[in-house]
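Since every read-out is calculated from the coordinates, none of them should be taken as a lab result. Source: prediction; values computed, not measured. Glycine also receives a Cβ, built like all others from the backbone with ideal geometry; neighbour counts cover every protein chain displayed.
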Amino acid sequence: MTNENSGYDRIVKIETFRWELDPRILWVEITTAHGLVGLGETYYIPGAVEAVIHEMAAPLLLGQSPFEIERHWATLFGCANFYGYAGAEMRAFSAIDIALWDIVGQSAGKPIYSLLGGKVRDDIMIYNTCVDRARFQDHSRMLHSAGELAADLLESGIRAMKIFPFDHLLPAIAPGHTMGPVGHFLSLEQLKEGLRPVEEIRRAVGDKMEIMIEGHSRWDLNAAIKIGRTLEPYQPFWMEDMMMPDSADDLARLAAECRIPQAVSERLFTKYHYRQVLEKKAAHVLMVDVVWTGGITESKKIAAMADAYHLPIAPHDCTGPVAVFASLHLCASCTNTAVMETVRGFYDGGYYEDAVTQNITVKDGRIAFPSTPGLGTALRPDFKASKQMVKRVTKE
């Protein structure tokens with residue numbers, strides 16, 4: 001389908017890449033007739049997302065101008081909303097949206113944030129999510145020597161860390177997974193065990209380290225309140241997703257009954273879900289995932305909504321390099337961005353170095369913004385050509 005008024009360039013090819021070494025990640029490249037290539041990314045169930053991109057989105061995008069991002073977002077969302085959008089469909093649209101912004105930035109010769117109103121800061125503070133990746137076994141160290149881990153992070157210049165000290169108290173669906181059934185009973189013994197790493201961090205480094213507590217939505221309301229009240233003397237930066245984020249009313253009860261800021265939630269898709277959270281006073285920080293909630297287009301709107309309530313956003317990332325780069329354009333252009341999530345095992349000797357042409361730059365606990373046109377990075381040609389890569393192409 002061709003739009004005769006679409007301008008001088010048009011979308012001619014959409015290609016997806018699934019990497020066998022991380023079966024949860026999916027990249028998408030959108031190519032124009034003039035040779036511009038935009039890169040997007042999303043995470044979880046890539047086969048389903050891939051099908052949405054090629055079977056649902058591609059027929060609506062091929063032949064169209066890559067510059068009419070708002071129109072494309074509205075078209076894709078409107079079609080998916082007919083049967084339910086908040087799953088593989090929105091992850092697909094998020095990846096597509098980021099790729100289109102990459103094209104627009106390249107065409108304009110400017111970083112994406114320049115097209116979003118320009119920079120409001122020159123860099124932003126990061127926190128390290130403590131997972132086991134590459135040479136950093138940060139989650140294992142958190143469970144067994146949290147104080148030493150905090151001291152090590154401080155020595156490297158990182159002054160904020162996110163830990164999940166209560167997850168292991170509940171069974172997971174499989175080894176290495178944080179997901180599992182919700183816990184409806186939390187004993188005092190378990191509570192003390194979950195609190196132990198937090199106590200160790202405070203004893204080792206005092207107030208020099210900011211601590212974020214991740215809950216992965218593993219607890220019911222009563223357990224979440226119990227955890228929150230017990231954590232209050234240690235003054236964590238926030239509690240994140242201690243319970244399922246599907247009820248703004250229940251989240252509001254948690255926010256009202258704990259004196260710890262509540263971060264909610266990368267699991268929410270589009271401004272419509274965040275609207276309910278804001279109206280119910282159910283969060284103090286909006287945790288926005290740009291590769292899930294609707295891309296840069298929707299995330300910028302969510303940030304503006306949060307700002308109207310005098311609240312910050314904090315982009316989520318424990319996924320892939322494009323998620324970080326796309327989030328950095330939000331961090332650069334949104335006045336109410338608080339902090340940026342990173343995983344040092346990904347960017348420091350990890351797979352980011354092999355996957356993308358430009359890695360992120362973290363120095364003294366802060367991350368620099370890309371300065372080149374568009375997104376600021378691309379998939380490496382040798383990485384795309386590897387035997388572990390599964391490709392699918394739809395052309396005009």
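Of interest is the spacing of the C-alpha centroids, which for region 24-93 and region 204-271 amounts to 33 Å.
For the chain, relative contact order (Cα pairs under 8 Å, six or more residues apart, normalised by length) works out to 22 percent.
Placing pseudo-labels 7 Å out from each Cα toward the beta carbon at E232 and E257 gives an inter-label distance of 1.3 nm. The magnitude of the dipole of the chain, with charges of +1 and -1 set on the Cβ of Lys/Arg and Asp/Glu and taken from the Cα centre, is near 240 debye. For the chain, a Gaussian network of Cα nodes joined below 10 Å ranks K301, K110, K162 by mean-square fluctuation, and the top entry is K301. I'd like the orientation of helix 295-308 relative to the chain: the angle between its Cα long axis and the longest Cα principal axis, in ° from 0 to 90, rounded to 10. Helix 295-308 and the main axis of the chain meet at about 50 degrees. Averaging over all projection directions, the Cα-based convex hull of the chain occupies 18.4 nm² in the image plane. With angles folded into 0 to 90 degrees, how steeply does helix 248-257 sit against the dominant principal axis of the chain? Use alpha carbons for both and round to 10. That helix lies at roughly 30 degrees to the long axis. Determine the sum of side-chain charges near S386: Lys and Arg each +1, Asp and Glu each -1, restricted to other residues whose C-beta is under 13 angstrom from that of S386. Combined, the nearby Lys, Arg, Asp and Glu give +1.
A Gaussian network model of the chain, with springs between Cα atoms under 10 Å, assigns the largest mean-square fluctuation among A332, A58, A33 to A33.
Over the C-alpha trace of region 309-396, radius of gyration and Dmax come out as 14.9, 49 angstrom.
Please say if region 33-129 is rounded, prolate or oblate, where rounded means a/c under 1.5 for a ≥ b ≥ c the square roots of the C-alpha gyration tensor eigenvalues, and otherwise the choice is prolate for a/b larger than b/c and oblate otherwise? The shape class here is oblate.
Here the translational diffusion coefficient of region 183-234 follows from Stokes-Einstein with Rh set to the Kirkwood radius across Cα pairs; for 4 °C and 1.567 mPa s it amounts to 110 µm²/s.
The radius of gyration of the Cα set in region 108-241, together with its Dmax, comes out at 17.2, 59 angstrom. Counting only alpha carbon atoms, the long axis of helix 69-80 and the longest principal axis of the chain meet at about 70°. In the chain, a dipole from Cβ-located charges (positive for Lys and Arg, negative for Asp and Glu) runs towards its positive end, and of V339, A248, I25 it is V339 whose Cα lies farthest in that direction. Report summary: the helix-based calculation at 222 nm, which adds -39500 (n - 2.57) for every DSSP H run with n ≥ 4 and divides by the residues of the chain, gives -11500 deg cm²/dmol. The listed peptides 116-124, 285-293, 256-264, ordered by packing as a protection proxy, come out as 285-293, 256-264, 116-124 (highest mean of other Cβ atoms within 10 Å first).
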